[in-house]
Amino acid sequence: MSNLTPEQKQVVNTMGKNLLVSASAGSGKTFAMIERIFNLIKEHKASVKDMLIVTFTNAAASEMKQKIYEKLAENAQDSEHIKEELNNILTADISTLHTFCSKIIKQHFYEVGVDPAFRVLEDRESLVLINDSLNAVLNSYIKASDTQFDELFEIYNKKRRDAEFKKSIISLYLFLKTKYDYKSFISSIVNKTYNDDLNDNLATHYLNENLAELTEHFNALFKKFAFEAEQLNSKKLLE
């Protein structure tokens with residue numbers, strides 16, 4: 001582990017407690033995690049078949065499994081224990097969280113009352129269904145001549161096209177899906193936005209942040225223009 005940074009060594013060697021690693025992209029988180037997994041296996045502290053290793057995408061999960069396999073293969077020549085772990089890689093739980101949860105539900109379908117033949121929708125399939133449902137909802141509001149909906153539609157309806165309106169709704173829907181209790185989250189945002197306390201008003205906070213950014217941007221421009229004007233004046237004087 002000589003090629004690890006002090007922080008990565010800490011990730012690899014810390015045991016007996018919960019561990020959260022936060023770092024920017026490209027900083028070596030995956031590398032450190034693979035070293036940690038290998039260290040656990042090498043020291044007989046855990047078998048890969050008893051680990052749960054999850055990522056966000058199928059591609060990342062496949063890459064993770066391949067890298068763990070390669071790390072074990074590099075060190076398997078003189079170790080029967082690691083050779084055995086190589087065989088366990090094929091059935092190890094190295095996948096996306098969705099895939100793992102799907103596996104658990106299929107194993108215990110009789111407990112939750114679902115058809116064991118179910119499958120998780122692919123992103124493209126899911127988006128098609130979302131768009132179909134959204135179109136049905138929008139059409140129902142259009143036919144109903146709902147005044148509030150008409151006003152909202154006109155605000156987001158750019159150049160008589162509803163693409164941006166639909167995009168905003170879908171983005172909001174996908175964001176709310178990440179919230180455990182989306183109804184409470186919406187209520188909290190509404191309460192913090194539509195109130196008279198400017199110190200606790202989210203809209204005021206948002207406007208202040210944007211005004212501060214604009215002020216900083218224009219200050220930088222003014223300084224640039226002042227410098228260029230000074231350069232021009234100096235050039236004229238020299239002439």
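The values are calculated or read from the model by the stated rules, or taken from the named source; none is laboratory data. Only a predicted model underlies this, so the values are computations on that prediction, with no experimental measurement involved. Cβ coordinates were reconstructed from backbone atoms using ideal geometry, including for glycine residues, and neighbour counts include every protein chain displayed. We work out accessible area using only protein heavy atoms, side chains counted, and drop any ligands, DNA or RNA first. Shrake-Rupley method; radii C 1.70, N 1.55, O 1.52, S 1.80 Å.
Among the GluC sites (Glu not before Pro) found in segment 116-209, those both in a DSSP coil and sparsely packed, with 12 or fewer other Cβ atoms within 10 Å of their Cβ, are Glu122.
Taken as Cα centroids, segment 73-132 and segment 162-183 sit 28 Å apart, rounded to the nearest whole angstrom.
Specify the angular offset, from 0 to 90 degrees and rounded to the nearest 10, of the alpha carbon long axis of helix 97-107 from the longest principal axis of the alpha carbons in the chain. With both axes taken from Cα atoms, the answer is about 50 degrees. Exposed loop sites are taken as trypsin sites (Lys or Arg not before Pro) in a DSSP loop (any state but H, G, I, E or B) with at most 16 other beta carbon atoms within 10 Å; the longest stretch of the chain without one runs 46-118. Computed about the Cα centre, the dipole magnitude for segment 126-239 is approximately 520 debye when only Lys and Arg (+1) and Asp and Glu (-1) carry charge, each at its Cβ. Overall, the anisotropy analysis places the chain in the oblate class: the square-rooted eigenvalues a ≥ b ≥ c of its C-alpha gyration tensor yield a/c not less than 1.5, with a/b not exceeding b/c.
Rounded to the nearest 10 degrees, the inclination of helix 29-42 to the longest alpha-carbon principal axis of the chain is 20 degrees. Placing +1 on the Cβ of every Lys and Arg and -1 on the Cβ of every Asp and Glu, with no other charges, gives the chain a dipole of roughly 320 debye about its Cα centre. Shown in residue order for segment 216-223 are the 3J(HN,Hα) couplings computed by the Karplus curve 6.51 cos²θ - 1.76 cosθ + 1.60 at θ = phi - 60°: 5, 5, 5, 4, 5, 5, 4, 5 Hz (x for Gly and Pro). Taking amide H atoms as placed 1.01 Å from N in the peptide plane, the amide H of Thr55 lies under 5 Å from those of Ser95, Thr96, Leu97, each 5 or more residues away in sequence or on another chain. Once the 1.4 Å probe is applied to the protein heavy atoms, the chain comes out at 78 Å² accessible per residue. Farthest toward the positive end of the dipole of the chain, out of Gly28, Thr215, Phe149, is the Cα of Gly28, where the dipole comes from beta carbon charges about the Cα centre.
Computed from backbone phi with θ = phi - 60° and the Karplus coefficients 6.51, -1.76 and 1.60, the 3J(HN,Hα) list for segment 135-148 is 4, 5, 5, 4, 4, 5, 6, 5, 5, 7, 6, 6, 4, 4 Hz; x is used for glycine and proline.
For segment 148-229, the tally of Lys pairs with Cα-Cα distances below 28 Å comes to 15, considering only residues 8 or more apart or on different chains. Sparsely packed loop sites in segment 1-45 (the GluC sites (Glu not before Pro) outside DSSP H, G, I, E and B with at most 16 other Cβ atoms within 10 Å) comprise Glu43. Overall, the accessible surface of segment 1-114 at a probe of 1.4 angstrom is composed of carbon and sulfur to the extent of 53 percent.
Using θ = phi - 60° in the Karplus curve 6.51 cos²θ - 1.76 cosθ + 1.60, the 3J(HN,Hα) couplings for segment 168-182 round to 5, 5, 5, 4, 5, 4, 5, 5, 5, 5, 7, 8, 4, 10, 5 Hz; x is entered for Gly and Pro.
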